Amino acid sequence: MKLRITLLLTVALAASAMRGADTAKPVVSILGDSYSTFESYIPEGNAVWYSPVIKDNRTDVNDVRQTWWWQLISEGGYILGVNESYSGATISYTGYNGQDFRDRSFVTRLPRIVPSDILLIFGATNDSWTGAPVGEYRSDNLTLGHMYEFRPALEVLLKDAVNRFPGTRIVFIINTELKQSITESIEVLCKRYGVEYLRLHDIDKITGHPSIKGMSQIKDQVLDYLKK
């Protein structure tokens, strides 16, 4: 009799655990730039664009709940893993005015992401704005110098992301108003490495960054894509 009760309890606990696994919320992590920042909600030391205090009328966003990613996590039923975003960050090592952005590049920061169910990479805006070299498509014989060009750096980023996080759904979010060469490069390399991509459209912006309305538009488009 005791053995039968023990077996029943074991089966019940196993069934309960399986039900819990079925209903577990997916973990979403973000690798981004200024569009995904908010003061005190990204790693310490990373530059921010959005904060509770609006400076120089550059945005109307002053609450973390207005950000696209906070709304996505809340409305989508997800759990936030890591928001590794850095204002002004580029995918390549080339920054503004020829500065070396190796320390904040997407390639450098990727290892700081924790294993997640979904990884959203939202970048390349600054690569488009800096006017950095686009470079050629190449995956072999890369030198340090190639990392200062967009295409080789993006190839390294995507290849490393796929290898580092097997089983993770990786989606590259493509901003609006990027240079055609940047958008085209993202699509080509995402297809090459089996990374999904989503091209945003009609995003309201202030000084080149999403407003409250724009944040909501990004959330709607990303959430709709993920749910499909």
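The values are calculated or read from the model by the stated rules, or taken from the named source; none is laboratory data. If you're wondering where the values come from, they're calculated on a predicted model, not measured in any experiment. Methodologically, a virtual Cβ is constructed for each residue, glycine included, from the backbone with ideal geometry; neighbour enumeration extends over all protein chains shown.
The table that follows gives values for the structure above.
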{"read-out": "Flag if residue 34 is crowded, with 24+ Cβ neighbours inside 10 Å and polar (S, T, N, Q)", "value": "no"}
{"read-out": "Options 215, 147: the member that is within 26 Å of residue 56 (Cβ to Cβ) and touching a residue at least 12 places away in the same chain (Cβ under 8 Å)", "value": "215"}
{"read-out": "The range 52-82, residues that are β-branched (Val, Ile, Thr) and under 18 Å from residue 32 (Cβ atoms)", "value": "59, 61, 64, 67, 73, 79, 82"}
{"read-out": "Flag for residue 91 being farther than 21 Å from residue 147 by Cβ and modelled with pLDDT of 95 or more", "value": "no"}
{"read-out": "Residue satisfying condition, being within 14 Å of the chain's Cα centre (by Cα), in a loop (DSSP other than H, G, I, E, B), closer than 26 Å to residue 194 by Cα and touching a residue at least 40 places away in the same chain (Cβ under 8 Å), within set 82, 134, 107, 114", "value": "114"}
{"read-out": "Test: residue in the range 164-171 that is farther than 20 Å from residue 118 by Cβ and not in a loop (DSSP other than H, G, I, E, B)", "value": "no"}
{"read-out": "Unique match (being within 19 Å of the chain's Cα centre (by Cα), in a strand (DSSP E or B) and not hydroxyl-bearing (Ser, Thr, Tyr)) among 186, 121, 218", "value": "121"}
{"read-out": "Selection within the range 83-101 - farther than 10 Å from residue 33 by Cβ and crowded, with 17+ Cβ neighbours inside 10 Å", "value": "83, 84, 92, 93, 94, 95, 101"}
{"read-out": "Residue tally, condition modelled with pLDDT under 95 and on the phi > 0 side of the Ramachandran plot, over the range 111-137", "value": "1"}
{"read-out": "Filtered residue count, the range 182-228, keeping only those that are polar (S, T, N, Q), surrounded by fewer than 18 Cβ atoms within 10 Å (Cβ to Cβ) and in contact with a helix residue (DSSP H, G or I) (Cβ under 8 Å, 6 or more places away or on another chain)", "value": "1"}
{"read-out": "Tabulated pairs, the range 163-189, first over 15 Å from residue 35 (Cβ atoms) and modelled with pLDDT of 95 or more, second crowded, with 21+ Cβ neighbours inside 10 Å and among the basic types (Lys, Arg), C-beta under 8 angstrom, 6+ apart or interchain", "value": "185/151; 189/151"}
{"read-out": "Qualifying residues in the range 189-213 (those that are of a type in the set (Ser, Thr, Tyr) and assigned to a loop (DSSP other than H, G, I, E, B)) - the one nearest to residue 169 (Cα to Cα)", "value": "211"}
